[in-house]
Amino acid sequence: MNIDDIIDQLGGAAAVQTLLGVGPSAVSNYRLRGAFPEYARVRIWQALKARGIHVNPETLADLDTPPTASGQPASALSHAVGMPQKTPQILLIISGGIAAYKALELIRRMKDQGWAVRVILTKGGAQFITPLSVSALSGDKTYTDLFSLTDEAEMGHIRLARDADLVVIAPASANMMARISHGMADDLASTAVLATGAPILIAPAMNPFMWANPATQANTAILKSRGISFVGPDSGDMACGEDGAGRLADPMAIIAAAERMLPGQGKLQGKQVLVTSGPTHEPIDGVRYIANRSSGKQGHAIAAALAREGAKVTLVSGPVTEPPPPSVQVVAVTTAQDMLDASLAALPADIAICAAAVADWAVDGAGASKLKKTDGAPPELQFRENPDILATISTHQQRPKLVVGFAAETDDVIAYAKAKRARKGCDWILANDVGQDQPVFGADENEVHLITASGASHWPRMSKHDVAKYLTDAIIKEITHG
Ligand SMILES: Cc1cc2nc3c(=O)[nH]c(=O)nc-3n(C[C@H](O)[C@H](O)[C@H](O)COP(=O)(O)O)c2cc1C
């Protein structure tokens, strides 16, 4: 019996809505996914049983389905009714702001998705909504206190953090963002954020002046640089009577962003991606080296954005101070030759993005001993050309389906980038102007041109995280529609 048959047997979509206490969109979602959420299974099994229909309570497969060689009903193995392996476990943190009441609607919509929702309500949050209303909707205890003996015995703060597949902070107050961007652990919510290994989604909500304040903006940049995702804030009329950016994103937009971040949900699921990032260091002797100003911010942001879409990302990074993005395998290298070796070791891959600023030359004969200053003339350095990583990958027998290179030019950006695309044999070039009046190296923003076979498009100046998001969207479009 498939999911449509089950719904028919139970009296149609409206009856299933009543049975599970969900809205019409939830039932449509279950049909689309071909799956009921795990929490609903027992209720459906009981309702079918009451109608004299006997199914496997674990899988909802017909009991008379012929067993397979493994002894399990075939429909159970092939997920004929599509039971997901594990119900997504969301840890929702509600902090103190006027938008906290909207978190109640968010809990309902999360339950509609079939997600299990555990909620931490901060002290500030509890000034706006009660643990009782949260629990009534989440169907679980509401966690509020770090130092609660009973809570620790039942569900320690570390388990609360570690059980989660995704942490959603909505609404996120300015105070909450400030505390977590600085690693504070002075209440249950901030401690759980510090202890979790799960991806984190933040939906800020505050007065427009609080949002625009440089302190909040700096905290946002720190959190983004650590791979934490944001949804909103939206702009419009605020409860405080002011107008501007600071409204909590719509609950359905939060759901959509959360869905993409859940393990196994992204649009690049199953894709293997190689990203290179940062500068290379070419030794002059045992203690000196030649480097460039690349910070790795753009390459790391790209790796993080692709990983958020479920891609398996290997990030081959030169020496940088950027933190490793979550859920990304980082291979740290020093020289261009190391970077090439590590990049080739990461093949085969579906996509390669060469964002690193690789040195064109290495110092010939650089040894381990320090060159000594003498009374004579300064040493003369001899250079040899470094391997060309982008061209090597573009012409490799295991060439990824899509190869993207970067061009940093000071003049005639588009013309040089087009020529580079043809010369290297890559598919796309992201070109940026690194001239004097265009700070790019080390900056948080970038202005780029995407050069493809069909032409050039200009992306105005935006954060490197947004460039990464746009590039990821373009890649998804290319990979899925050809
Ligand atoms: C009526 C009222 C409304 C508030 N609304 C917000 C808000 O929308 N966003 C925000 O960041 N802070 C807001 N605050 C301030 C926070 O509640 C305060 O910073 C609190 O310490 C946040 O605690 P928490 O981050 O631990 O939840 C508001 C305060 C009051 C009294």
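Please treat every number below as a calculation from the coordinates, not as lab data. Keep in mind that what you see is a predicted model, and the values were worked out from it rather than measured. When we count neighbours, we look across all protein chains shown, and the Cβ atoms used for this are built from the backbone with ideal geometry, even at glycine.
Data overview
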{"read-out": "Test item: Cα-centred dipole of the chain, Lys/Arg +1 and Asp/Glu -1 on Cβ, debye", "value": "580"}
{"read-out": "Ranked Cys240, Cys354, Cys426, criterion: other C-beta atoms within 10 Å, fewest first", "value": "Cys240, Cys426, Cys354"}
{"read-out": "Residue-span extension gain [Arg108 to Glu447] - 0.36 nm each, minus C-alpha spacing", "value": "118.0 nm"}
{"read-out": "His458, His281, His300, His481 arranged by Cβ crowding within 10 Å, fewest neighbours leading", "value": "His481, His458, His281, His300"}
{"read-out": "Solvent-free Debye scattering, log10 I(q)/I(0), computed from the Cα coordinates of segment 89-261 at q = 0.10, 0.18 Å⁻¹", "value": "-0.32, -1.13"}
{"read-out": "Length released on extending from Ala368 to Ala345, taking residue separation times 0.36 nm less the Cα-Cα span", "value": "5.6 nm"}
{"read-out": "Contour excess over end-to-end distance, with Cα ends at Lys141 and Asp163 and 0.36 nm allotted per residue", "value": "6.4 nm"}
{"read-out": "Antiparallel bridge percentage (DSSP; both residues within the chain; nearest 5)", "value": "35"}
{"read-out": "The chain: proportion of alpha-carbon pairs further apart than 38 angstrom, %", "value": "39"}
{"read-out": "Spread of Cα-to-Cα distances over 10 Å intervals beginning at zero, given as percent, for segment 336-425", "value": "14, 37, 26, 15, 7, 1"}
{"read-out": "Residues Lys420, Lys49, sorted so that the one with the fewest Cβ neighbours within 10 Å comes first", "value": "Lys49, Lys420"}
